[in-house]
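**Q** Following this message is one structure expressed as structure tokens.
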2 protein chains.
Amino acid sequence: MAVTIRDVAKATGVSISTVSRALATPELVAEPTRNLVQQAAADMGYRPNRAARGLITGRTACIGLVVPDLENPFFGSIGKGVQDRARAAGYSVFIGDSSEDPALEAEVVRGIAKQVDGIILCSARGSDESVRAITTDTPVVLVNRTIAGIPSIDFDNAGGLRAIMQHLVALGHTTIAYAAGPVTSWSSGRRVDAFRAFGEASPELRLIELGNFPPVFAGGVQAADLAIASGATAVVAYNDLMALGLLDRIRERGLRVPDDLSIASFDNVAVASMVSPKLTSVDFPRIQMGRACVDALLDLVLERPHGLERTSDLPVELIVRQSTGVVPASAANREDDTRTATPKGAVTTP
Amino acid sequence: MAVTIRDVAKATGVSISTVSRALATPELVAEPTRNLVQQAAADMGYRPNRAARGLITGRTACIGLVVPDLENPFFGSIGKGVQDRARAAGYSVFIGDSSEDPALEAEVVRGIAKQVDGIILCSARGSDESVRAITTDTPVVLVNRTIAGIPSIDFDNAGGLRAIMQHLVALGHTTIAYAAGPVTSWSSGRRVDAFRAFGEASPELRLIELGNFPPVFAGGVQAADLAIASGATAVVAYNDLMALGLLDRIRERGLRVPDDLSIASFDNVAVASMVSPKLTSVDFPRIQMGRACVDALLDLVLERPHGLERTSDLPVELIVRQSTGVVPASAANREDDTRTATPKGAVTTP
DNA sequence: ATGAAAGCGCTAACAC
DNA sequence: GTGTTAGCGCTTTCAT
């Protein structure tokens with residue numbers, strides 16, 4: 001058996017409660033006693049039994065992290081941030097993988113809920129009700145999804161989309177296509193909304209929605225032909241994986257990126273800078289997101305008043321690389337004609 | 001407070017020990033009582049308090065997984081397998097990220113050790129002694145590293161290397177270069193050993209060791225020029241990231257892959273099939289590895305006799321794609337000459 | 001087959 | 001400032 005508080009008490013000649021206090025609340029113990037006990041505890045290699053402590057305090061000093069897919073580096077990064085901040089705060093992290101399955105997600109959450117003080121739930125797949133049901137027993141912070149009444153953290157999807165659009169417009173593009181992710185994806189929805197809003201604010205642009213695609217390589221391949229057919233000079237993809245698929249298919253069709261067609265996307269996964277041309281992509285501070293989640297969750301758990309707002313958006317950053325370039329001369333001319341034909345506010349020719 | 005065993009006892013009119021038995025060891029309770037209790041427990045939403053149980057049984061039903069970097073999809077996959085198998089066995093998983101830092105690794109392990117029944121330690125960074133020290137308190141299974149006396153699981157690195165070599169030889173290559181990973185990497189060492197062994201067994205081949213490189217894109221870039229200078233017609237890289245760097249630099253030098261130079265590597269990361277040309281790579285069954293780790297660890301924890309051997313190598317699979325092709329005609333001729341000039345066993349010209 | 005009772009290691013009143 | 005005591009929720013002898 002490991003060394004217990006009792007052993008330390010026996011060794012130092014004080015009572016077990018003094019040992020407990022010297023270790024947990026040192027300010028309540030006289031200097032000499034405290035030193036004696038702490039020294040002895042250290043010498044004997046005493047390590048408190050978390051389970052016993054939790055049994056009485058009702059706190060576990062553990063938090064749970066439930067993600068749809070651990071293999072996805074996106075969630076790995078968040079996990080790294082979570083683990084890092086949690087450790088700094090003296091908390092351990094339980095990991096749960098729901099394999100993108102709502103039923104499994106519920107089971108995983110249930111299995112974890114009892115042994116933690118709170119849960120960080122990434123991209124919850126369950127219904128609003130099922131998620132809300134969890135939050136009655138356990139503090140929860142949501143990532144990549146918002147449900148009224150539950151604190152959540154997200155990236156600034158709209159800001160990222162706008163950054164891409166401004167970048168493309170600055171390069172002279174006026175006909176821009178967007179290849180969206182799954183309709184069920186909340187973040188995809190936010191980006192589509194921002195895309196439309198941008199279009200409404202800039203009527204001189206021709207913005208084309210290519211439709212919804214699986215957020216993977218094959219989805220990008222599928223979108224590529226539509227993008228080419230649309231006449232757009234730039235394509236924005238829901239994520240880098242799709243951008244890779246676009247790239248592959250576009251080149252297969254004999255076009256060059258970015259000379260004939262520019263590509264921009266979201267995520268800035270590691271490989272974005274390893275392919276040629278390197279991808280222009282919106283970077284999400286994922287590790288920072290993980291940390292922010294822990295902060296928000298501990299605010300809840302410890303009932304700290306000065307926590308951040310119930311929901312917040314983390315700023316993102318556009319990383320410009322080689323997959324976006326100035327609009328092709330031919331397209332620029334063609335579009336110039338269009339622009340001239342419908343000048344903003346003034347009609348000189350009937 | 002949550003519903004306890006006491007509440008269930010009160011509701012059913014039996015004693016708490018009967019409730020405990022009905023739930024934990026049903027065979028010790030009479031059929032009617034058992035049903036009554038189980039039904040009531042289910043209705044009341046009773047969930048056993050793991051901490052309390054652990055306090056008395058000495059078991060936590062938790063295992064720890066410590067990896068060098070959660071952001072690396074390699075470890076994410078292993079984590080997925082671990083989590084999956086552990087859940088099936090009724091175990092929860094603590095995650096620890098050591099950020100490739102031996103000191104932090106030790107701290108993370110220490111923090112986790114007390115709250116788990118065993119630890120799966122991936123690519124341990126600490127010294128043999130420090131790792132062995134852990135195993136005195138806690139069962140440990142090692143991944144990607146072997147230390148005498150500690151059970152470990154690994155991939156069949158040598159088998160993978162041989163599979164690549166046989167593939168290249170079948171394509172006519174006789175001058176093959178190898179770009180190794182860091183000298184400190186255990187798996188890199190295994191592959192280098194296998195490379196040399198293959199060379200010794202096939203004296204008709206010219207095998208070139210380009211040296212050790214960082215296992216990342218930049219390392220591959222660095223190796224590329226050496227590979228080209230070496231006159232090899234095929235390059236084997238320590239991992240896919242390096243292969244990507246090789247690919248980039250080789251094309252920058254005006255050569256084509258695989259027409260002028262073939263590239264093969266290890267890991268088969270997702271992106272290997274998303275670049276062009278798609279990479280020939282050795283696939284590691286990582287999720288399966290995670291599962292195998294849990295099985296091995298639970299053998300230790302539960303002192304099951306029929307566990308697998310103390311150390312074992314998981315089989316790997318070569319995935320042939322577009323980055324490897326038949327040897328260039330020019331090179332084939334040149335090499336034919338060489339081969340003729342130094343025939344095996346017979347010297348015709350002084 | 002079931003109940004009573006003794007703790008697992010620790011913290012938190014409550015005394016002194 | 002320190003010691004005594006009563007549990008936290010559960011399993012596990014030991015009786016019955």
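The values are calculated or read from the model by the stated rules, or taken from the named source; none is laboratory data. Everything numeric here is computed off the predicted structure, so don't read it as measured data. Here Cβ is always computed from backbone atoms with ideal geometry, including for glycine, and neighbour counts include all displayed protein chains.
**Q** Taking the range B:189-248, which residues are of a type in the set (Ser, Thr, Tyr) and over 26 Å from B:Val271 (Cα atoms)?
**A** Once the filter is applied, which keeps residues that are of a type in the set (Ser, Thr, Tyr) and over 26 Å from B:Val271 (Cα atoms), the range B:189-248 yields B:Ser202, B:Ser230.
Conditions (1) crowded, with 24+ Cβ neighbours inside 10 Å; (2) out of contact with any Lys or Arg (no Cβ under 8 Å at 6 or more places or on another chain); (3) farther than 29 Å from B:Ala218 by Cα, marked per residue:
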| site | (1), (2), (3) |
| --- | --- |
| A:Thr233 | yes, yes, yes |
| A:Met242 | yes, yes, no |
| A:Arg256 | no, yes, no |
| A:Thr280 | yes, no, no |
| A:Met289 | no, yes, no |
| A:Leu298 | no, no, yes |
| A:Glu303 | no, yes, yes |
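**Q** So A:Val93 fits all but one of (1) buried (at least 22 other Cβ atoms within 10 Å of the Cβ); (2) within 13 Å of DNA strand C (Cβ to nearest atom); what number is the exception?
**A** It is condition (2) that A:Val93 fails.
**Q** State which residue is farthest from DNA strand C (Cβ to nearest atom) when the search covers only the range B:16-68 and only residues that are under 29 Å from A:Asn49 (Cα atoms) and of a type in the set (Ser, Thr, Tyr).
**A** Ranking the qualifying residues of the range B:16-68, first place goes to B:Tyr46.
**Q** All but one of (1) more than 43 Å from the chain's Cα centre (by Cα); (2) within 12 Å of DNA strand D (Cβ to nearest atom); (3) among the aliphatic types (A, V, I, L, M) hold for A:Ile5; state the number of the condition that does not hold.
**A** Unmet for A:Ile5, out of (1) more than 43 Å from the chain's Cα centre (by Cα); (2) within 12 Å of DNA strand D (Cβ to nearest atom); (3) among the aliphatic types (A, V, I, L, M): (1).
**Q** For the range B:57-83, give me the residue count where each residue is at the interface with another protein chain (Cβ under 9 Å from one of its Cβ atoms) and of a type in the set (Ser, Thr, Tyr).
**A** Within the range B:57-83, residues that are at the interface with another protein chain (Cβ under 9 Å from one of its Cβ atoms) and of a type in the set (Ser, Thr, Tyr) number 2.
**Q** Pairs please, first residue from the range A:47-60 and within 17 Å of B:Ala2 (Cα to Cα), second anywhere and more than 8 Å from DNA strand D (Cβ to nearest atom) and among the hydrophobic types (A, V, I, L, M, F, W, C), Cβ atoms under 6 Å, 6+ apart in sequence or on different chains.
**A** A:Thr60/A:Val116
**Q** Could you list, in sequence order, all residues of the range A:109-135 that are among the basic types (Lys, Arg) and either within 14 Å of chain B (Cβ to nearest Cβ) or buried (at least 19 other Cβ atoms within 10 Å of the Cβ) (or both)?
**A** Selection gives A:Arg110, A:Lys114, A:Arg125.
**Q** Quick one: A:Ala86 ticks every box in (1) more than 9 Å from chain B (Cβ to nearest Cβ); (2) away from DNA strand C (no atom under 16 Å from the Cβ); (3) small (Gly, Ala, Ser); (4) more than 18 Å from B:Gly64 (Cα to Cα) except a single one, so which number is it?
**A** In the conditions (1) more than 9 Å from chain B (Cβ to nearest Cβ); (2) away from DNA strand C (no atom under 16 Å from the Cβ); (3) small (Gly, Ala, Ser); (4) more than 18 Å from B:Gly64 (Cα to Cα), A:Ala86 misses (4) alone.
**Q** Being aliphatic (A, V, I, L, M) and not in a loop (DSSP other than H, G, I, E, B) is the filter; apply it to the range A:1-11 and report the residue that is nearest to DNA strand C (Cβ to nearest atom).
**A** A:Ile5
**Q** Further question on the same structure: Is it the case that the range B:68-86 has a residue that's out of contact with any Pro (no Cβ under 7 Å at 6 or more places or on another chain) and surrounded by fewer than 16 Cβ atoms within 10 Å (Cβ to Cβ)?
**A** Scanning the range B:68-86, I find no residue that is out of contact with any Pro (no Cβ under 7 Å at 6 or more places or on another chain) and surrounded by fewer than 16 Cβ atoms within 10 Å (Cβ to Cβ), so the answer is no.
**Q** Let me ask something additional. For the subset of the range B:91-103 comprising residues that are small (Gly, Ala, Ser) and more than 9 Å from chain A (Cβ to nearest Cβ), which member is farthest from A:Asn72 (Cα to Cα)?
**A** B:Ala103
**Q** Please find, among B:Leu255, B:Leu246, the residue that is farther than 28 Å from B:Arg85 by Cβ and without any contact (Cβ under 8 Å) to a residue 40 or more places away in the chain.
**A** Criteria check complete, one pass: B:Leu255.
**Q** Also: Condition first: in contact with a Lys or Arg (Cβ under 9 Å, 6 or more places away or on another chain) and either polar (S, T, N, Q) or surrounded by fewer than 17 Cβ atoms within 10 Å (Cβ to Cβ) (or both). Can you find one or more residues in the range A:168-178 that meet it?
**A** yes
**Q** What are the residues in the range A:10-54 that are closer than 25 Å to B:Thr138 by Cβ and within 9 Å of DNA strand D (Cβ to nearest atom), if any?
**A** Hits for the range A:10-54 are A:Val19, A:Ser20, A:Ala51, A:Ala52, A:Arg53, A:Gly54.
**Q** Quick check, is B:Gly54 modelled with pLDDT of 95 or more and within 10 Å of chain A (Cβ to nearest Cβ)?
**A** So B:Gly54 does not fit the description; no.
**Q** List the residue pairs whose Cβ atoms are under 9 Å apart, where the first residue sits in the range B:164-191 and is more than 20 Å from B:Ser323 (Cβ to Cβ), the second is aliphatic (A, V, I, L, M) and outside any strand (DSSP E or B), and the two are 6 or more positions apart or on different chains.
**A** Short answer, once both residue conditions are applied: B:Gly189/B:Val183; B:Arg190/B:Ala158; B:Arg190/B:Leu161.
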